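Single-structure report; data block below.
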Amino acid sequence: MAKTFQFDYPTPELVKEYVDKFDNDNNRSDFFKDSAIIKLFDKFPNNTELDEVLAKVTLLNAFYSTQILDMDLLNVSRDIVALKIDSSIYGEKVDYDIVNRIAYCGSFYQRKLYSFASKYCSFHNPAEFPIVDSYSKGMLYYMNKIEEKRFRFFHQGFTQNDLNNYHNYCKVYNAFVKHFKLENISYKEIDKYLWKYAKYEMGSKIQITDTTVYLDRLI
């Protein structure tokens, strides 16, 4: 299936083009949603007070449809407070495992809140935590599978399910950044590019799987 889609070769210029589309399409709705979340997370950077965490969880879930049920917003927030995540997010050496742990917050779930967890950490520390969603996973997976060698950025190979562990995702994501010489572009901008390009260019031509599943397999 990957052979049916012709990727544009990722360059800093292409990334900037799709960042601009993200920020300016749809009456700039995506840009203003991002801006509102950033301001709230900047106002409440820590995760020790339940009301502050609840405000962040609720806004992020509302704007990005991260699949937390209304009845579980408080439970997810309580669990985040109990995890004492600030040292993992802001420490001298960040702990990627905190994303996997936040993904299991809340008492009503039979699946992990993986995309939510990556977004929650990213909006606290965007320089260290790239965002995971079904589009970014699909983009990285299918680009690495195509036959043209110049696109092959992760030679060990990986499945879409491998990317459901955040350690694996960051390993693959950073290999993508290095291979295409995107080191001078922020994670935030690359996140926007992956999401926008995959959603609007790849569309239904590529089968992209959901990220909300249990999986702890390591590459």
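The values are calculated or read from the model by the stated rules, or taken from the named source; none is laboratory data. Predicted model only: the values in this text are computed from it and were never measured. Positions of Cβ are generated from backbone atoms using ideal geometry, with glycine treated the same way; all protein chains shown enter the neighbour counts. Side chains included, ligands, DNA and RNA excluded: accessible areas come from the protein's heavy atoms. Shrake-Rupley method; radii C 1.70, N 1.55, O 1.52, S 1.80 Å.
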Which listed pairs, of K39/K145; K16/K119; K93/K181; K16/K149; K112/K181, have C-alpha distances above 29 Å, in listed order: K39/K145; K112/K181
Charge-dipole axis of the chain as Lys and Arg at +1 and Asp and Glu at -1 on Cβ define it, positive-most pick from Y96, L69, Q160: Q160
The chain - charge dipole about Cα centre, Lys and Arg +1 at Cβ, Asp and Glu -1, debye rounded to 20: 600 debye
Diffusion constant of segment 33-95 at 25 °C, which comes from Stokes-Einstein with the Kirkwood Cα-pair radius and 0.890 mPa s, µm²/s: 201 µm²/s
Simple label model, 7 Å out from Cα along Cβ direction - A62 to N27, nm: 1.7 nm
Sum of side-chain charges, F41 neighbourhood, beta-carbon under 13 Å (Lys, Arg +1; Asp, Glu -1): +2
Difference of contour (0.36 nm per residue) and Cα-Cα distance, D42 to T159: 38.6 nm
Gain in span if fully extended, F7 to E92, counting 0.36 nm per residue against the direct Cα distance: 26.9 nm
1.4 Å probe accessible area per residue over the chain, in Å²: 49 Å²
Folded to 0 to 90 degrees: helix 187-197 orientation relative to the chain principal axis, Cα: 60 degrees
Within the chain, helix-based [θ] at 222 nm, where runs of 4 or more DSSP H residues each add -39,500 (n - 2.57), nearest 500: -15500 deg cm²/dmol
Length added when fully stretched, S186-A82, from 0.36 nm per residue minus Cα-Cα: 34.4 nm
Accessible area of Y135 in the full protein assembly, 1.4 Å probe (Å², nearest 10): 70 Å²
Rounded percent of accessible protein surface that carbon and sulfur make up, segment 1-150, 1.4 Å probe: 51 percent
